[in-house]
Amino acid sequence: MWEIVTAGGWLMLPIVACSVIALAIVGERLFSLRNERVLPANLVADVWRMASTRQLTEEKIREIQQGSPLGRVLAAGLHNRTHDREIMKASIEEVGGHVAHELERYLNALGTIAAVTPLLGLLGTVVGMISVFTNITTVGVGNPAQLAGGISQALITTAGGLMVAIPTLMFHRYFRRRIDGLVVDMEKESLKLVDVLQKRQAQARVTQA
């Protein structure tokens with residue numbers, strides 16, 4: 001493997017570096033975007049249970065907020081639970097936008113790597129062909145070994161760039177789709193909580209009346 005990298009010339013170094021960075025980002029995002037980390041199971045039910053038993057203190061809300069991205073969104077609504085529905089929804093949407101932005105962390109870098117590595121491979125192709133034509137003008141076409149060296153450099157860098165770019169682009173699109181789905185699920189869960197809390201407040205007002 002190392003022989004192939006060295007045969008590709010110095011342009012293989014940034015391609016290899018891009019592959020290492022892309023691999024690190026993919027691993028980190030696969031870990032961070034797990035369902036149990038972003039959308040803990042039964043969190044809304046637990047929040048409703050605490051609210052109905054009057055255990056929902058400010059300390060509990062801070063714990064919920066720090067526990068997960070969904071918890072941050074729910075906490076925004078809980079801080080405004082004494083207000084009407086529109087204020088709760090507005091606060092949830094505002095925090096939800098920040099959470100969605102954080103879920104997209106490093107995706108721009110991943111997309112840049114997917115776009116740049118084929119260009120690095122193409123540059124390697126151009127450099128390799130320049131080397132081929134330089135050898136032709138200096139020694140002619142009588143030495144196939146020298147010509148083959150430049151052609152092989154061109155092919156290796158092109159293949160290396162594509163081998164990095166293709167899976168990186170696939171993961172970039174997968175993470176985009178995954179984040180869109182997580183954001184929709186967070187909105188659904190937070191609206192469930194809003195509806196439940198609003199019904200509880202309405203029932204309390206009727207009881208007091």
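Here, each number is a calculation from the coordinates, and none is a lab measurement. Here the structure is a predicted model, which is why all the values come from computation and not from measurement. Quick reminder, even Gly has a Cβ in these numbers, built from the backbone with ideal geometry, and neighbours come from all protein chains shown.
How high is the FRET efficiency from Ala115 to Arg37, r the C-beta distance, R0 35 Å, rounded to 0.05? Numbers along the way, then the final one.
Working: r = 29 Å, r/R0 = 0.81.
Result of the calculation: an efficiency of 0.75.
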Subject >> region 13-71 - convex hull of the alpha-carbon atoms, volume per residue in Å³ >> reply: 62 Å³
Subject >> Projected label distance in nm at Glu104 and Met163, using a 7 Å step from Cα toward the beta-carbon >> reply: 3.2 nm
**OP:** Along Cα→Cβ, 7 Å out, is where each label goes; now give me the distance between the ones at Glu63 and Lys188 in nm to one decimal.
**Re:** 2.8 nm
**OP:** Report the FRET efficiency, 1/(1 + (r/R0)^6), for Met170 and Val20, where r is their Cβ-Cβ distance and R0 is 25 Å, rounded to 0.05.
**Re:** 0.90
